[in-house]
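See below for the structure under consideration.
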Amino acid sequence: MWFYLGTDEKKVKSKLTKLTDLIELCNYNSVEEDYIFYNKIYKRKSKKYNCVKDRNWLKIEAKNTDLLYSKRFKKFWDRIYNMDDFLSLKSNHKNWKEWESIDVDSPSYHN
């Protein structure tokens, strides 16, 4: 699963904080099978109108992906993509493993 964070650095940080706080809240009382994990932001360079911007994507892993489509995450639905949809958006999405990545510390990994 992928979550599109956008290009504006301040908005990316805000969206990331809101999403990860919600994920951690969900993970707090969940059983291990329902945990939602995140650990890296991937940056895809995009050139539009002679301006290069980073398109930021958060990689999310969950055994039960239905949780991401629950009412709790409703305001994020338009930015959540499953792997097939993500790969079909742009031809260079198939090379996502080669993109620059930044580690995001997921407290859930340490539970």
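The values are calculated or read from the model by the stated rules, or taken from the named source; none is laboratory data. Note that the coordinates shown come from a computational prediction; the quantities given were computed from them, not determined experimentally. Positions of Cβ are generated from backbone atoms using ideal geometry, with glycine treated the same way; all protein chains shown enter the neighbour counts.
Give me the residue from region 69-103 that is over 11 Å from the mean Cα position of the chain (by Cα) and aliphatic (A, V, I, L, M) and, out of that set, nearest to Ile36 (Cα to Cα).
Met83
Which of the residues that make up region 66-75 are in contact (Cβ under 8 Å) with a residue 24 or more places away in the chain and under 16 Å from Tyr4 (Cα atoms)? Explain how you work it out, then say what you get.
Of all residues in region 66-75, those in contact (Cβ under 8 Å) with a residue 24 or more places away in the chain come to 67-68, 72-73.
Listed by number, the residues that qualify are Leu68, Phe73.
From Tyr49, Tyr109, which residue is on the phi > 0 side of the Ramachandran plot and at pLDDT below 85? Spell out how you get there, then give the answer.
On the way: Tyr109 fails: on the phi > 0 side of the Ramachandran plot.
One residue alone meets the criteria, Tyr49.
Scan region 31-62 for residues that are among the polar types (S, T, N, Q) and free of Cβ contacts under 8 Å to residues at least 12 places away in the same chain and report the count.
From region 31-62, those among the polar types (S, T, N, Q) are 39, 46, 50, 56; that's our starting set.
With the extra rule that they be free of Cβ contacts under 8 Å to residues at least 12 places away in the same chain, the set shrinks to 50.
Here the count works out to 1.
Among the residues of region 32-48, is there at least one that is more than 23 Å from His93 (Cβ to Cβ) and in contact with a strand residue (DSSP E or B) (Cβ under 9 Å, 6 or more places away or on another chain)?
Within region 32-48, one or more residues are more than 23 Å from His93 (Cβ to Cβ) and in contact with a strand residue (DSSP E or B) (Cβ under 9 Å, 6 or more places away or on another chain).
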